[in-house]
1. Do we find a residue being away from the ligand (no atom under 16 Å from the Cβ) and in contact with a strand residue (DSSP E or B) (Cβ under 9 Å, 6 or more places away or on another chain) anywhere in the range 168-179?
2. What number of residues in the range 120-150 are more than 24 Å from residue 217 (Cα to Cα) and under 16 Å from the mean Cα position of the chain (by Cα)?
3. Among the numbered criteria (1) closer than 30 Å to residue 19 by Cβ; (2) more than 12 Å from the chain's Cα centre (by Cα), which single criterion is violated by residue 239?
4. Search the range 46-58 for residues being under 19 Å from the mean Cα position of the chain (by Cα) and crowded, with 19+ Cβ neighbours inside 10 Å, and hand back the single one that is nearest to residue 112 (Cα to Cα).
5. Is there any pair linking a residue in the range 184-209 that is at pLDDT below 95 to one that is in a helix (DSSP H, G or I) and within 16 Å of the ligand (Cβ to nearest atom), with Cβ under 6 Å and at least six apart or on different chains, and which?
6. Output the number of residues of the range 94-107 satisfying the condition of being surrounded by 22 or more Cβ atoms within 10 Å (Cβ to Cβ) and over 17 Å from the mean Cα position of the chain (by Cα).
7. Quick check on the range 7-20. Is at least one of its residues touching a residue at least 40 places away in the same chain (Cβ under 8 Å), within 19 Å of the chain's Cα centre (by Cα) and either surrounded by fewer than 21 Cβ atoms within 10 Å (Cβ to Cβ) or part of a strand (DSSP E or B) (or both)?
8. Being touching a helix residue (DSSP H, G or I) at 6+ places or on another chain (Cβ under 6 Å), at pLDDT 95 or above and outside any strand (DSSP E or B) is the filter here; which residues of the range 25-58 pass it?
Ligand code: GLN
């Protein structure tokens, strides 16, 4: 076994002083004030050990990372029929692109871009009794942590500025790929994105994808086939139009969010989460990508 704590510390020291830390996602006003100096890494191995450096215990906005958790819940609820409404191909375009959705008649390329996640949100609004409460309960159950919550201010901030998400939801509705009201689905979607977690809570939440569908507390939530599908989607679609670059540099399935978080995992081995809020031009955490490239190189652990 590599000395994981020593590896994380070496990566932290190496990366924290990089001068260009990227840009904060200020298009969501509530995120604009986050300090670019934050940087944390957390690793949970499948034998239950936990390692962390820097700001790994500070909560941040998970944003698009929670799309994976929403997808897992939708798949647990409606299984393979999920794929009647959303595709499984990388989009090669930014997460909020609309043109493709129109060209492809309202079937989003995949569930990890905004339009796809809005369809997943619609499935959850249809199938959960109290969508927001039930989804939060699911995340708390995965992590065994009842302190995890939505950030109402972030959700509100997106609600009043999320014009492209309204456009996507309306396009979906016009193509009859949204069963509930645009307002209701987006309210749920914005809350989903506003979920706040620390690096260690995120590693714990994603543990089931590295552990054949069983969460940290050994409860089975999704089956092997569903885990395989979700990990494949993270590998091919988890980084917007930079999924190829992430596979090339890091070599793990993963998901990023514009809050600056990245979760990546190696099935049967570990889940690793980084948080550094400065983003590169494609909207992925600048230091997070550097740190994860170093991690899989130093630990000699990747899917390749
Ligand atoms: N809530 C953000 C949005 O809808 C999520 C984007 C992201 O993290 N890529 O724009």
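The values are calculated or read from the model by the stated rules, or taken from the named source; none is laboratory data. Everything numeric here is computed off the predicted structure, so don't read it as measured data. Positions of Cβ are backbone-derived with ideal geometry, glycine not excepted, and every protein chain shown enters the neighbour counts.
1. If we filter the range 168-179 for residues that are away from the ligand (no atom under 16 Å from the Cβ), which is where we start, we get 173-177, 179.
From what is left, the residues that are in contact with a strand residue (DSSP E or B) (Cβ under 9 Å, 6 or more places away or on another chain) are none.
No, every residue in the range 168-179 fails to be away from the ligand (no atom under 16 Å from the Cβ) and in contact with a strand residue (DSSP E or B) (Cβ under 9 Å, 6 or more places away or on another chain).
2. So the count comes out to 2.
3. (2)
4. Kept after step one, since they are under 19 Å from the mean Cα position of the chain (by Cα), are these residues of the range 46-58: 55-58.
Of the ones still in play, those that are also crowded, with 19+ Cβ neighbours inside 10 Å are 55-56.
On the way: 55: 26, 56: 24 Å.
Among those that are under 19 Å from the mean Cα position of the chain (by Cα) and crowded, with 19+ Cβ neighbours inside 10 Å, it is 56.
5. none
6. Within the range 94-107, the subset surrounded by 22 or more Cβ atoms within 10 Å (Cβ to Cβ) is 95, 101.
Filter again for over 17 Å from the mean Cα position of the chain (by Cα), leaving 101.
Within the range 94-107, residues that are surrounded by 22 or more Cβ atoms within 10 Å (Cβ to Cβ) and over 17 Å from the mean Cα position of the chain (by Cα) number 1.
7. Taking the range 7-20 first, the residues touching a residue at least 40 places away in the same chain (Cβ under 8 Å) are 7-12, 14-16, 18, 20.
Checking the rest, the ones that are also within 19 Å of the chain's Cα centre (by Cα) come to none.
Among the residues of the range 7-20, not one is touching a residue at least 40 places away in the same chain (Cβ under 8 Å), within 19 Å of the chain's Cα centre (by Cα) and either surrounded by fewer than 21 Cβ atoms within 10 Å (Cβ to Cβ) or part of a strand (DSSP E or B) (or both), which makes the answer no.
8. Once the filter is applied, which keeps residues that are touching a helix residue (DSSP H, G or I) at 6+ places or on another chain (Cβ under 6 Å), at pLDDT 95 or above and outside any strand (DSSP E or B), the range 25-58 yields 39, 56.
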